[in-house]
Amino acid sequence: MTYFLQLVVSGVVVGSIYALSALGFVLIYKSSRVLNIAHGQIIAAGAFITYALTVFLGIPIFISFLCSMVITFFLAMSVERVFLRRLIGEPIISVIMVTIGLMSILDGLIYLSPFGSNNYSFPAFLPETPLNFAGVSISWTQLVGVLITAVLISAFSWFFNRSTVGISMRAVSDDQFASMSIGISVPRVFGLAWAMAGLSAAAAGGIIGNITGLNFETLHAYGIIVFPVVILGGLDSVGGAVVAGIIMGLIQQFAAGYLDGNWGLSGTANVLPYIILLIILLFKPHGLFGTHEIERV
Amino acid sequence: MRLAGKIAIATTVLMFIAAIVTGPVCAKVYKTALSLAITGPTSDAGNPYSKGVEDFFRLVNEEKLLGDDTIECIIRDDKYETDITKRNFEEFMDMGIPIYLNYSTGSTLGLKRDFEEEKIPVIPASFHYGNLENSHYIFLPIASYSEQVIGLAEYVANHSEGGTPKVAVFIHPSAFGRGPVDDLKKAVAAGLKVEVVEVVEHGKDLDNTATLQRLQNKGVQFVICHTVQSPVATLLNDAQRLGLIAGTFGEKGKMTFLGAHYTGGNDLIALAGEAAENFYWTTSYTITSVPGPGADAQLALAKRYKRDEKTANSHNYANGVMVAQVAFEAMRRAKARGLEINRENLYNVLNDMNGINAFYPVTTVGPVTYSKTDRAGVDSLQLYVVKGGQFTAVGLPFRSVYMRKIH
């Protein structure tokens, strides 16, 4: 039973971090219907900014973490302003292609810095001794990661459901022209969506970097790894990202705990989420919580 | 008189031109080339590696170690993509290089047939034993991954108490990672006293709790890792959280973690912090945290070319210096024998590098020996362990016994 509970806890921890990483995709898609392929690079940039502020400037890590979120907020907003604003009204595929180009540019810029090909780790700032409850262990890093994820996701859910700006963003997502006709500034909404995606990406980068260490290849891979989470949850659902993230985390841990190493199986933790994703999409093509649009022709 | 004056001036000019033209004919430029991942996957290893190659060839030229002749090494990024490596290699061949320095396991295996067709000696950064199979022109700088993993397993067999030790192998999900697994199983079949309980191919794991507890439930005491540092660091951090890291080698009820060349080095300590304590690592290189002539030479070279501390202390910088040294030594020997520096002669010189002709670079724990039947350079391995936040040497260099039995 302890083993099972440990896998549940680990699955929830991993799933929460997946959800936070997936949030950036959802925020941008929810407002603009664009998939940001460069999301992994923004996650990595957020982690490196936190590190640079902490180690190079000597700022306490918690403040660096918050500063990094603010910096990536404006960084992502600038990216939208410079590269994507002029594509409003253009076909979605054009915008996605621009995000692919953006990915290459960010890759190149990060490789020009020492962070591109060196490994770093955050200075230790949390207690080393893990928390143990009835034989179930969780590290402080993981616990703090889960708490930050919970706070951010709650805040974003409230923002989209209750705030005027959040509701404007949902309106833009539904129909850009109708939104404009009632006075919503679509460019401003797009900029804000990118900015908030940047903020959540920095948070995800800081948490992942604290667990795996700061390695660019590892960090930016999470932009792709969480893709099944985004699809499963429904591309435009914040709550969906949370549920799908936790489902994926649990599937991975249970597969690693009960399937791998038995009956000649290996690596099922990496494959099973995709198999389950395919099965669910057969029955729910828009994901678990994605908007099912019906167009009247 | 005016005509005579013109002739004198013309003669002087011609002699001057002749002096300029004939001068460089004596001093030759030998081209060589390296294609590797300076960006992309494994660039954390490729970056210092390329600097090691670059610095050593600069030293050769500046110190005139080949007399007036110089080596020009073209270094190109291939982003760890075999198609780019192939394109680079084809361009290098058009430049007429006599020896080629390659990098990844995938591209070395992928270009093996090209190397055979071109009959060009190649020194890769990949130590995969499969590079040597059905191939005559690939020369590994040090002991193969198989030899490293089997060597670690032998150390486990010889130093653990009670019964046959249970071992898990934690590998990179690629040709690079899977390479030594079959050889380890062959060694076990040949009598190596370890039980390989499970081979774990890792992903981008944020939490290895399930894997570690599964291995613990199966009684695994030793985990031999053959991958890169980042996943090992995550594994070690999780093992530490679960209280599974052995305080002493082979401690009962705990796990002792060991790793081959690319798992270790200072980057592992940077990534894993205190969880890296008691991690056992093997390579054929000397390291800078263990004082000696190899460490001094490496640090002096890095200092000369103003490399940062991280690069200066990287075992992958040593790795790059080493392959450049071997390429240079082959050229030097060919030149000393009055041979032209071409593919055939360098190939023959490399194959003669054994016995009294063995090459002794100071940055390795044993000599480089090549022959037509032995194309793994340094056969010796040194075991290191992390103590007090840095790698220290454990015992003397050793060679795998079972590697010789299975190959």
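Where in the stretch A:153-254 are the helices (runs of 4 or more DSSP H), entirely inside, with at least 2 residues that are over 30 Å from A:Leu109 (Cβ atoms)?
By residue number, A:164-174, A:176-181, A:227-233, A:238-254.
Taking the criterion of being within 14 Å of chain B (Cβ to nearest Cβ), surrounded by 22 or more Cβ atoms within 10 Å (Cβ to Cβ) and aromatic (Phe, Trp, Tyr), would at least one residue in the stretch A:188-203 satisfy it?
The answer is no; no qualifying residue exists.
Could you list, in sequence order, the residues of the stretch A:125-152 that are surrounded by 15 or more Cβ atoms within 10 Å (Cβ to Cβ), among the β-branched types (Val, Ile, Thr) and in a helix (DSSP H, G or I)?
A:Thr141, A:Val144, A:Val146, A:Ile148, A:Thr149
Can you list the helices (runs of 4 or more DSSP H) found entirely within the stretch B:306-359 that contain at least 3 residues being in contact (Cβ under 8 Å) with a residue 40 or more places away in the chain and of a type in the set (A, V, I, L, M, F, W, C)?
The qualifying helices (runs of 4 or more DSSP H) are B:315-336.
Scan the stretch A:255-280 for residues that are surrounded by 19 or more Cβ atoms within 10 Å (Cβ to Cβ) and not in a loop (DSSP other than H, G, I, E, B) and jot them down.
A:Ala255, A:Ala256, A:Gly257, A:Thr268, A:Ala269, A:Asn270, A:Leu272, A:Pro273, A:Leu277, listed by residue number.
Is there a residue in the stretch A:31-40 that is assigned to a helix (DSSP H, G or I) and either at positive phi or within 11 Å of the chain's Cα centre (by Cα) (or both)?
Within the stretch A:31-40 (the criterion being assigned to a helix (DSSP H, G or I) and either at positive phi or within 11 Å of the chain's Cα centre (by Cα) (or both)), the answer is yes, since at least one residue qualifies.
Could you check the stretch B:189-225 and list, in sequence order, the residues that are more than 30 Å from A:Ile138 (Cα to Cα) and touching a strand residue (DSSP E or B) at 6+ places or on another chain (Cβ under 6 Å)?
Result: B:Val194, B:Glu195.
Any residue in the stretch A:104-123 that is more than 9 Å from every other protein chain (Cβ to nearest Cβ) sitting within a Cβ distance under 7 Å of a residue that is of a type in the set (Gly, Ala, Ser) and not in a helix (DSSP H, G or I)? List the pairs, counting only those 6 or more apart or interchain.
Note: pairs meeting the criteria are A:Leu106/A:Ala38.
Among the residues of the stretch A:86-103 satisfying the criterion of being outside any helix (DSSP H, G or I) and in contact (Cβ under 8 Å) with a residue 12 or more places away in the chain, which is nearest to the chain's Cα centre (by Cα)?
A:Ile88
Of all residues in the stretch B:211-262 being closer than 21 Å to B:Asp182 by Cα and part of a strand (DSSP E or B), which is farthest from the other protein chains (Cβ to nearest Cβ)?
So the residue we want is B:Leu258.
Checking the condition out of contact with any Lys or Arg (no Cβ under 9 Å at 6 or more places or on another chain), within 14 Å of chain A (Cβ to nearest Cβ), assigned to a loop (DSSP other than H, G, I, E, B) and surrounded by fewer than 24 Cβ atoms within 10 Å (Cβ to Cβ), which residue from B:Tyr80, B:Tyr103 passes?
B:Tyr80
Scan the stretch B:42-67 for residues that are assigned to a helix (DSSP H, G or I) and within 16 Å of A:Glu217 (Cβ to Cβ) and report the count.
Matching residues across the stretch B:42-67 total 7.
Could you figure out which of (1) modelled with pLDDT under 90; (2) within 14 Å of chain B (Cβ to nearest Cβ) isn't true of A:Ala19?
Condition not satisfied by A:Ala19: (1).
Find the residue count for the stretch B:263-291, including only residues that are more than 14 Å from chain A (Cβ to nearest Cβ) and either at positive phi or assigned to a helix (DSSP H, G or I) (or both).
So the count comes out to 1.
Conditions tested, residue by residue: (1) within 14 Å of chain A (Cβ to nearest Cβ); (2) among the aromatic types (Phe, Trp, Tyr); (3) out of contact with any Leu (no Cβ under 7 Å at 6 or more places or on another chain).
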{"position": "B:Pro121", "(1), (2), (3)": "no, no, no"}
{"position": "B:Asn131", "(1), (2), (3)": "no, no, no"}
{"position": "B:Ile138", "(1), (2), (3)": "no, no, no"}
{"position": "B:Ser160", "(1), (2), (3)": "no, no, yes"}
{"position": "B:Pro165", "(1), (2), (3)": "no, no, yes"}
{"position": "B:Val199", "(1), (2), (3)": "yes, no, yes"}
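Just a yes or no: is a residue in the stretch A:167-184 surrounded by 14 or more Cβ atoms within 10 Å (Cβ to Cβ), within 11 Å of another protein chain (Cβ to nearest Cβ) and hydroxyl-bearing (Ser, Thr, Tyr)?
The answer is no; no qualifying residue exists.
Run down B:Lys186, B:Lys218 and say which single residue is among the basic types (Lys, Arg), out of contact with any Cys (no Cβ under 7 Å at 6 or more places or on another chain) and either surrounded by 18 or more Cβ atoms within 10 Å (Cβ to Cβ) or under 19 Å from B:Tyr145 (Cα atoms) (or both).
The conditions single out B:Lys186.
Within the stretch B:157-186, work out how many residues are touching a residue at least 60 places away in the same chain (Cβ under 8 Å), touching a Ser or Thr at 6+ places or on another chain (Cβ under 8 Å) and assigned to a helix (DSSP H, G or I).
Of the residues in the stretch B:157-186, 5 are touching a residue at least 60 places away in the same chain (Cβ under 8 Å), touching a Ser or Thr at 6+ places or on another chain (Cβ under 8 Å) and assigned to a helix (DSSP H, G or I).
Given the condition more than 16 Å from A:Gly209 (Cα to Cα), outside any helix (DSSP H, G or I) and at pLDDT 90 or above, answer yes or no: does some residue in the stretch A:74-85 qualify?
No: zero hits.
The values are calculated or read from the model by the stated rules, or taken from the named source; none is laboratory data. Worth saying up front: this structure is predicted, and the values here are computed from it rather than measured. Quick reminder, even Gly has a Cβ in these numbers, built from the backbone with ideal geometry, and neighbours come from all protein chains shown.
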